[in-house]
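Everything below concerns the one structure shown next.
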Amino acid sequence: MYDRMQTLSPDEMSRIHDASMDLLRKVGIAFNEDEALAIFKRHGFKVEGKTVFFTEEQVRQALRTAPARFTVAARNPARSVAIGEDDFVFVPGYGAPFIATVDGRQREATMEDYDNFCKLVQSSRHMHMNGFMMVEPSDVPPETAHLDMMFSNIVLCDKPFMGSPVSKQGAREGVEMCAILWGGAEGLAKAGPVTVSLINSLSPLQYSEEMAGSLIELARANQACVLASLIMAGSSGPVTLAGVLALQNAEILAGVTLAQLVNPGAPVVYGSTSSAMDMKTGGLSIGCPELSLVVSATAQMARFYKLPSRSGGGLTDAHVTDAQAAAESTLALSTAVRNGVNFILHAAGILGSYIAMSYEKFLVDEELCGVLRKLITPIAVTPESIDTEMIARVGIGGQYLTQPKTFKLCRTEFYLSDFMNRQNHAGWKAAGAKRLDQGGTDRLNQRLAGFSKPDIDPGIEADLAAYVGRRKKG
């Protein structure tokens, strides 16, 4: 396949790998978590203080046990998903403290907003998984918010969902809630991975206590983890993208190694949303072309190690759902899809460099996800699909509109959007002359009004509610 984006050569990928091995051997990675240090020591790694040093053979041993593909079970078995190799998923935005309104304002996100996004994911044709922290709700205590979010994930959506990596205790509580849903610890073990959690390194060359502790708990329970690095080129990492790739690769491989030491075979995803620092503002830019360059290279490095990959999706620095948001999000999301990323987080809703989620942008991005899935669907080139007999029958100067084959395929052959405007100017004016984001508000109200809570065993829901209540009381 021809693509003008850079395909890293085997020599270039080996050079990145060798540079990372050099960093891991000589500089090491700081793990600010006592159990992680104990695990490394128990397995013969060199540890000095909080710094762990890695040999290439130790890393390669971990890579040998990490799966290239795995399935995440949903409570509705028909909605389970596979991640890795040719299989990929779209997952909504993550971590935004604010809601962006159509007129450009921001307000603090609430638990009602969180629940609304769960409902939108449930009713979505294109989002394959629910998130964990689509927004950070400001109206619930932060120390127990993960319990409320997990409960909403489970009862308002029957798709797979992301887990709780807020702390070692939070990860353990998330696993315990999953065990309730799957009929106990044995049932959860039999189900296999039912969550995918986001574990971020602390660049450069560190893992925080919370992230390392969560990784240990989740790997122990055989729950999938994305090992992700977010480096700001020129700030928390080198100014050159090649240097960023080497640095993030070292951080990711260190996390993969810890997961495999805890539980050989634990599912992991090789992830990144590294990008550039804007040299004018000093802030992180996720709408810049450098992000997409890193996305492409990250997907290639993941395949180099035979691991599933993760990147961001509909990412933008814009604060409203405008032309900038559309252009930047389309570039990032299409790069992720076309370059073979397997776990596309932030696929819908993000504005302002992760600071806000937008309902209207969620719906626009969601539609883009559907368009991109159509874009990568192969054209069937067969005698039946070419159909020279029909072409000859229509002949010179004929028309195909009334052909039986057109009637047969008119609803399935093309991507039919009920959201994007395809009317002429008169029709658009007659329908209210609304911009896409304005129409999104109407569509949002219809989606939420039409939401139907998926079936769940009342006893399981009651047990989950009781568990949350007990944990909140301490």
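Straight-line reach from Lys374: taking Cα to Cα under 12 Å and skipping same-chain neighbours fewer than 8 places apart, the aspartates and glutamates in range are Glu413. Within straight-line reach of Lys119, meaning a Cα separation under 20 Å, sit the following lysines at least 8 residues removed in sequence or on another chain: Lys159, Lys361, Lys453. The lysines whose alpha-carbon is closer than 23 Å to the alpha-carbon of Lys41, local same-chain residues fewer than 8 away aside, are Lys26, Lys50, Lys168.
Here Ala185 and Ile386 are evaluated by their C-beta separation; at R0 = 56 Å the FRET efficiency comes out at 0.50. A Förster radius of 30 Å, combined with the Cβ-Cβ distance separating Tyr415 from Asp18, puts the computed FRET efficiency at roughly 0.10. If R0 equals 41 Å, the separation of the Cβ atoms of Arg470 and Arg125 corresponds to a calculated FRET efficiency of about 0.65. Spatially, the stretch 306-383 and the stretch 129-166 are offset by 22 Å when compared through their Cα centroids.
Each peptide in 152-161, 372-381, 461-470, 297-306 was scored by the mean count of other Cβ atoms within 10 Å over its residues; highest first, the order is 152-161, 297-306, 461-470, 372-381.
Simple rule: put +1 on each Lys or Arg Cβ and -1 on each Asp or Glu Cβ in the stretch 278-382, find the dipole, and look at Ser334, Met357, Val320; the Cα lying farthest toward the positive end is Ser334. Here the stretch 63-375 carries DSSP beta bridges of which approximately 30% are antiparallel, counting only pairs with both residues inside.
With just the Cα atoms defining each centre, how far is the stretch 87-114 from the stretch 245-304? Give it in Å. Rounded to whole Å, the Cα centres lie 23 Å apart. From the list [x] 45; [y] 38; [z] 42, can you say which value of percent of Cα pairs over 31 Å apart was derived from the structure given? This structure yields the entry labelled [x].
None of the figures in this text is laboratory data; all of them are computed from the coordinates on show. What you see is a predicted model; the values in this text were computed from it and never measured. Cβ sites come from the backbone with ideal geometry, for glycine too, and all protein chains shown count toward neighbours.
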